[in-house]
Amino acid sequence: MTKPSVQHATFTIERHLKAPLARVFRAWSVPEAKRQWFACHEDWQTLHYTLDLRPGGREQNQVADSNGLLHAYDAVYFDIVPEARILYAYEMKLGEARISASLATVTFEAEPSGTKMVFVEQVAFLDGYADDGSRLQGTEIALDRLQAILERDASVTH
């Protein structure tokens, strides 16, 4: 058994999205919209996904990687200010092992060319889990996918 330990990290990701504030917030708050971008590995299989974006609501995402290992995300929402702020905490598990617990804040602000979005995560990596920057990288990949979807959809002429 690994000796109990904790390693803390904090990171901030800022994006300037060429999409209106309402559309960006919708991409976070509507389950069908969030499922389109909330992944960092397209080849992993989704086993279960739910989203209930309200104070006290939960989000769960369980996926199996290419080796069949379960990756489980379980979040609870504390504060929702439509089109302004989302505050939530979540834990991550690999198989049955809890690898981290995090507090995340996402803020949204209208800009002349779209929306400024700032994501801040404070994470505690548990019991020797060696993240080596993969949480930041995975989050950046997911937010890159969000940006690509929003900007692709904005360029479609109707």
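The values are calculated or read from the model by the stated rules, or taken from the named source; none is laboratory data. Keep in mind it's a predicted model, so treat the numbers as computed, not measured. Reconstructed Cβ throughout: ideal geometry from the backbone, glycine too, with neighbour counts over all protein chains shown.
Listed values, structure above:
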{"quantity": "Lone unmet requirement of (1) modelled with pLDDT of 95 or more; (2) out of contact with any Leu (no Cβ under 6 Å at 6 or more places or on another chain) for Glu83", "calculated": "(2)"}
{"quantity": "Residue match in the range 135-148 (condition: in contact with an Asp or Glu (Cβ under 6 Å, 6 or more places away or on another chain), modelled with pLDDT of 95 or more and buried (at least 18 other Cβ atoms within 10 Å of the Cβ))", "calculated": "no"}
{"quantity": "Residues of the range 48-61 that turn out to be surrounded by 12 or more Cβ atoms within 10 Å (Cβ to Cβ) and over 15 Å from Pro31 (Cα atoms), as a count", "calculated": "0"}
{"quantity": "Checking Trp44 against (1) in contact with an Asp or Glu (Cβ under 6 Å, 6 or more places away or on another chain); (2) more than 17 Å from Arg135 (Cβ to Cβ), the condition it does not meet", "calculated": "(2)"}
{"quantity": "Among (1) at pLDDT 95 or above; (2) under 17 Å from the mean Cα position of the chain (by Cα); (3) small (Gly, Ala, Ser) - the single one Gly114 does not satisfy", "calculated": "(2)"}
{"quantity": "Tally of residues being part of a strand (DSSP E or B), within 16 Å of the chain's Cα centre (by Cα) and not hydrophobic (A, V, I, L, M, F, W, C) across the range 32-90", "calculated": "17"}
{"quantity": "Residue under evaluation Lys116, criteria (1) touching a residue at least 40 places away in the same chain (Cβ under 8 Å); (2) farther than 19 Å from Lys18 by Cα, criterion not met", "calculated": "(2)"}
{"quantity": "Residue tally, condition more than 22 Å from Val118 (Cβ to Cβ) and surrounded by 12 or more Cβ atoms within 10 Å (Cβ to Cβ), over the range 62-96", "calculated": "11"}
{"quantity": "Every residue from the range 5-20 that is surrounded by fewer than 14 Cβ atoms within 10 Å (Cβ to Cβ), part of a strand (DSSP E or B) and more than 19 Å from the chain's Cα centre (by Cα)", "calculated": "Val6"}
{"quantity": "Residues that are touching a His at 6+ places or on another chain (Cβ under 8 Å) and among the charged types (D, E, K, R), drawn from the range 99-119", "calculated": "Glu111, Lys116"}
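The rows are residues; the columns are (1) in contact with a strand residue (DSSP E or B) (Cβ under 8 Å, 6 or more places away or on another chain); (2) of a type in the set (D, E, K, R); (3) within 27 Å of Gln7 (Cβ to Cβ).
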site: Tyr49; (1), (2), (3): yes, no, no
site: Arg54; (1), (2), (3): yes, yes, no
site: Gln62; (1), (2), (3): yes, no, yes
site: Ser66; (1), (2), (3): no, no, yes
site: Asp79; (1), (2), (3): yes, yes, yes
site: Ala101; (1), (2), (3): yes, no, yes
